[in-house]
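As structure tokens, the structure follows; a few thoughts come after it.
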Amino acid sequence: MKLVVVSAGLSAPSSTRLLADRLAAATAERVDAEVEVLELRDYATEIAQHFVTGFPPVRLAAALDAVAAADGLIAVTPVFSASYSGLFKSFFDLIDKDALTGKPVLVGATGGTARHSLVTEHALRPLFTYLRAVVLPTAVYAASEDWGEEGLASRIARAGGELARFGSAASPDVDTAAAIAPRSLHGAVTSVDPDDGFTVVPFADRLEALRVG
């Protein structure tokens, strides 16, 4: 699987790059992946030149080609004014309108407060849906206080597992929808891979336990 990671962090090191790396590692744990990381801050001047001239410099053209040729994409941005950063949006404004069609995309974002946690749903998901990408069910937002917490680690693992399962669904004989969101024994969609030993408790049993209690 050719996996391209796009990080729009502005500092070095950055929490955005850290989240991007952890998402890539969680994916690579589940599937054989060749990972290429694009730090957008390194392309900022070339992106501006492309908007002015209409032609991408050689290095930026290679980055755009890498995104178009990827089997899967991880895209992570810091939050600016309650949305993705201008650098992040500018890069994807330069992507060919058909380049992401049908491509699995795992989205993530970082911010200083949990108040911006819905940025993945009101900004990132619509952007990639417009580009006709397949946006995976689990998006990962990391606020400053989330680092080191078990909840963030479990969300990263779940998101990486979804991207890995989608990557392994390249065969036309594989049910792509099931690969993204496998179903429990009773048919309910779950983002937890049953192969991980997760035990599904039937809802009727849960209700019975409540009545007994």
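The values are calculated or read from the model by the stated rules, or taken from the named source; none is laboratory data. Keep in mind that this is a model prediction, so the values were computed, not measured. Each accessible area value is taken on the protein alone, full model and side chains, heavy atoms only, with ligands, DNA and RNA left out. Shrake-Rupley method; radii C 1.70, N 1.55, O 1.52, S 1.80 Å.
Determine whether ARG158 is modelled with pLDDT of 95 or more and either closer than 30 Å to GLY54 by Cα or not in a strand (DSSP E or B) (or both).
yes
Scan segment 35-59 for residues that are farther than 18 Å from THR77 by Cα, of a type outside the set (Val, Ile, Thr) and open to solvent by 70 Å² or more (accessible area, probe 1.4 Å) and jot them down.
GLN49, PHE51, PHE55, ARG59
Of the conditions (1) part of a strand (DSSP E or B); (2) of a type in the set (A, V, I, L, M, F, W, C); (3) open to solvent by 30 Å² or more (accessible area, probe 1.4 Å), ALA75 fails just one. Which one is it?
Looking at each condition in turn, ALA75 falls short on (3).
This table checks each residue for (1) more than 16 Å from the chain's Cα centre (by Cα); (2) of a type in the set (Gly, Ala, Ser).
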{"site": "GLU39", "(1), (2)": "no, no"}
{"site": "ARG59", "(1), (2)": "yes, no"}
{"site": "ALA62", "(1), (2)": "yes, yes"}
{"site": "ALA66", "(1), (2)": "yes, yes"}
{"site": "ASP71", "(1), (2)": "no, no"}
{"site": "LEU87", "(1), (2)": "yes, no"}
{"site": "ASP93", "(1), (2)": "yes, no"}
{"site": "ASP98", "(1), (2)": "yes, no"}
